[in-house]
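Chemist: Here's a structure for you.
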Amino acid sequence: MLVLFETPAGFALFKVLDEGKLDKVDDLWKEFTTSDSARRVVELKAFNKFENTSDALSAATLIIDSKPSKGLRKFLQKHCEGETLAVADSKLGNAIKEKLKIDCVHNSAVMELMRGLRNQLTELITGLGAQDLGPMSLGLSHSLSRYKLKFSPEKVDTMIIQAIGLLDDLDKELNTYAMRVREWYGWHFPELTKIVTDNIQYAKVVKMMGNRANAVKIDFSEILSDEDVETQLKEAAVISMGTEVSDLDLLNIRELCDQVLALSEYRAQLYDYLKSRMNTIAPNLTALVGELVGARLIAHGGSLLNLAKQPGSTIQILGAEKALFRALKTKHSTPKYGLIYHASLIGKASQKHKGKISRSLAAKTALAIRYDALGDGEDNSIGTESRLKLETRLQVLEKTEFGKSAGSAKGKPKIEAYEKDRKKGAGALITPAKTYNAAADVVLGQSTEETPKKSELASKKRKHHDAEAALPTKPAAEANEDGGQERKKKKKKKSKETETPAADADGEKKKKKKSKESEEEPAVATAEGEKKKKKKKSGADGEDVAMQTEESGKKDKKKKKKKHADDE
């Protein structure tokens, strides 16, 4: 029986010398404790060496898939005629048996024999030392892991992380240098700062012009596309209020301009490199959020694979961790977006819809990142389709918002033609058109007639209340006069006798007026509500009290008169 053993250096065939020892599986490991005892059990029959690393990798990958390679088939056909082959994989044995017609064995005894061979491999194979076997196995394992993960040097996202970091640093340095040029040259030509607003154009103009006195002689058409700006520059150079500078100062300013222009050119090259790397490594992410935002997300996540493990909710607020933890600590509302805020889709949305679009964009971005990191395809179809869906959703949100702001609660009002009374074939109406009902105007006339009556009743009630308020003052004044001088008693008696029948007549007149008012009040007075009834009741109660006070005052006066007559 022969044993097939795979090594990092190649395939080995061992001849089993004593097959009877395979029956004692539990004691088989004792035979491989030393190299001499192992040689009594097995011996090397043949060895097929790999030519290079790619050959080893292809053979190893086929063995993992339980498929014999071309070199292995030739090797077995040459050395295994009429022999039984022991293999470590039953599926591989079945494949060898089908293609090469070689009987294969796989059981627990064979696996125990494989362990013993692995333990004494360097002693059983001459020329294969431990110092050589270690690097071979390490290199093959790395190559195999790269192949299993479908590793490609084009998919290295470390370059993106470094490039986006350098791009941000270049932007800061470029802005600092440009501001320094403006401030430095502004002492000589301060008006140029407002005329030329772009930093790169400003540096080019300063480098070309030097002293402002040379502006009239120089043609700036290559730098400044607008002729009006060039005219303003030349006019301002003639009447400038700046100070004079030496040639040495202008030389240093021009060198600084050279640095600004060199940095701007290198930034443009770096941006092109970053754009190409993003389209290669993460095409769907680039199509969805753009090169710069996608690169910043990858750099913040550490790698594309780490970013693929994050859910959409984490990608949405990635970059706003400080605001998130501050909101959780103070129990305020959490942020709606982080680095993803700079995507063009969120910039198009209104302030009210930025949260919804950022949430949808984060969910689609998570899918695009996972496809880029773990998928086999290299196209940007998923990113393009997701972007179209998000743009459609944004348009729907903006249209519904526009319809609601127009005054309708459910969007724009739907206006339909009235076809109820119209014939299907002809254009005429089945029923005649309705005319205006003039009888309905009577209701308006009744309401106008009732208003003067109400005003008259209100004026009468006011006069009545004023008269009642004046009545109780008279007997009180008369009582005070009776307690006064005695000489006027006779005159008072005569005046009282004349006043009492007049007061009675006035009382009867008031009662008649009340009865007339009660008869003249229409049924409309009942509709005025419970408040007017309460007022009437209170007024009636006040009148009764006034009448009682008048009668009691008259009785007191009569008693006093009788006492006075008796005394006389």
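Chemist: Could you tell me whether region 159-180 includes any residue that is over 19 Å from residue 267 (Cβ atoms) and open to solvent by 60 Å² or more (accessible area, probe 1.4 Å)? Walk me through it before giving the result.
Modeler: Step one: list which residues in region 159-180 are over 19 Å from residue 267 (Cβ atoms), which gives none.
Taking every residue of region 159-180 in turn, none turns out to be over 19 Å from residue 267 (Cβ atoms) and open to solvent by 60 Å² or more (accessible area, probe 1.4 Å).
Chemist: Tally up the residues in region 200-228 that are aliphatic (A, V, I, L, M) and either at pLDDT below 90 or more than 46 Å from the chain's Cα centre (by Cα) (or both), please.
Modeler: So in region 200-228, the residues aliphatic (A, V, I, L, M) come out as 200, 203, 205-206, 208-209, 213, 215-216, 218, 223-224.
Keeping just the survivors that are either at pLDDT below 90 or more than 46 Å from the chain's Cα centre (by Cα) (or both) gives 208-209, 213, 215-216, 218, 223-224.
The number of residues fulfilling the criteria is 8.
Chemist: Still on this structure, please answer the following. Name the pairs: first residue in region 162-175 and under 17 Å from residue 261 (Cα atoms), second residue open to solvent by 80 Å² or more (accessible area, probe 1.4 Å), Cβ to Cβ under 9 Å, at least 6 apart or on different chains?
Modeler: 170/266
Chemist: So how many residues does region 184-212 have that are free of Cβ contacts under 8 Å to residues at least 40 places away in the same chain and open to solvent by 10 Å² or more (accessible area, probe 1.4 Å)? Steps first, answer last, please.
Modeler: First, pick out the residues of region 184-212 that are free of Cβ contacts under 8 Å to residues at least 40 places away in the same chain: 193-194, 196-198, 201-202, 205, 208-209, 211-212.
Add one more test, that the residue is open to solvent by 10 Å² or more (accessible area, probe 1.4 Å), and what stays is 193-194, 197-198, 201, 208, 211-212.
Result for region 184-212: 8.
Chemist: Next up: So which residues in region 264-278 are buried (at least 16 other Cβ atoms within 10 Å of the Cβ) and closer than 15 Å to residue 157 by Cβ, if there are any at all?
Modeler: 274, 275, 277, 278, listed by residue number.
Chemist: Scan region 311-353 for residues that are farther than 23 Å from residue 399 by Cα, part of a helix (DSSP H, G or I) and over 13 Å from the mean Cα position of the chain (by Cα) and jot them down.
Modeler: Matches in region 311-353: 321, 322, 323, 324, 325, 326, 327, 328, 329, 330.
Chemist: Does residue 141 meet the test of being surrounded by 14 or more Cβ atoms within 10 Å (Cβ to Cβ), without any contact (Cβ under 8 Å) to a residue 24 or more places away in the chain and within 18 Å of residue 49 (Cα to Cα)?
Modeler: Working: surrounded by 14 or more Cβ atoms within 10 Å (Cβ to Cβ): no; without any contact (Cβ under 8 Å) to a residue 24 or more places away in the chain: yes; within 18 Å of residue 49 (Cα to Cα): yes.
Against the criterion (surrounded by 14 or more Cβ atoms within 10 Å (Cβ to Cβ), without any contact (Cβ under 8 Å) to a residue 24 or more places away in the chain and within 18 Å of residue 49 (Cα to Cα)), residue 141 does not qualify.
Chemist: Residue 241 passes all but one of (1) hydrophobic (A, V, I, L, M, F, W, C); (2) open to solvent by 40 Å² or more (accessible area, probe 1.4 Å); (3) part of a helix (DSSP H, G or I); which number fails?
Modeler: Against the list (1) hydrophobic (A, V, I, L, M, F, W, C); (2) open to solvent by 40 Å² or more (accessible area, probe 1.4 Å); (3) part of a helix (DSSP H, G or I), residue 241 comes up short only on (3).
Chemist: Given the options 133, 128, name the one that is closer than 24 Å to residue 57 by Cα, assigned to a loop (DSSP other than H, G, I, E, B) and in contact (Cβ under 8 Å) with a residue 60 or more places away in the chain.
Modeler: Working: 133 fails: assigned to a loop (DSSP other than H, G, I, E, B).
128 is the lone residue from the list that is closer than 24 Å to residue 57 by Cα, assigned to a loop (DSSP other than H, G, I, E, B) and in contact (Cβ under 8 Å) with a residue 60 or more places away in the chain.
Chemist: Restrict the check to region 336-348 and report whether at least one residue is touching a helix residue (DSSP H, G or I) at 6+ places or on another chain (Cβ under 9 Å) and among the β-branched types (Val, Ile, Thr). Please lay out each step first, then the result.
Modeler: Applying the first criterion (touching a helix residue (DSSP H, G or I) at 6+ places or on another chain (Cβ under 9 Å)) to region 336-348 yields 336-348.
Adding the requirement that they be among the β-branched types (Val, Ile, Thr) leaves 340, 346.
The answer is yes, given that some residue of region 336-348 is touching a helix residue (DSSP H, G or I) at 6+ places or on another chain (Cβ under 9 Å) and among the β-branched types (Val, Ile, Thr).
The values are calculated or read from the model by the stated rules, or taken from the named source; none is laboratory data. These numbers come from a predicted model, not from an experiment. Cβ sites come from the backbone with ideal geometry, for glycine too, and all protein chains shown count toward neighbours. Side chains included, ligands, DNA and RNA excluded: accessible areas come from the protein's heavy atoms. Shrake-Rupley method; radii C 1.70, N 1.55, O 1.52, S 1.80 Å.
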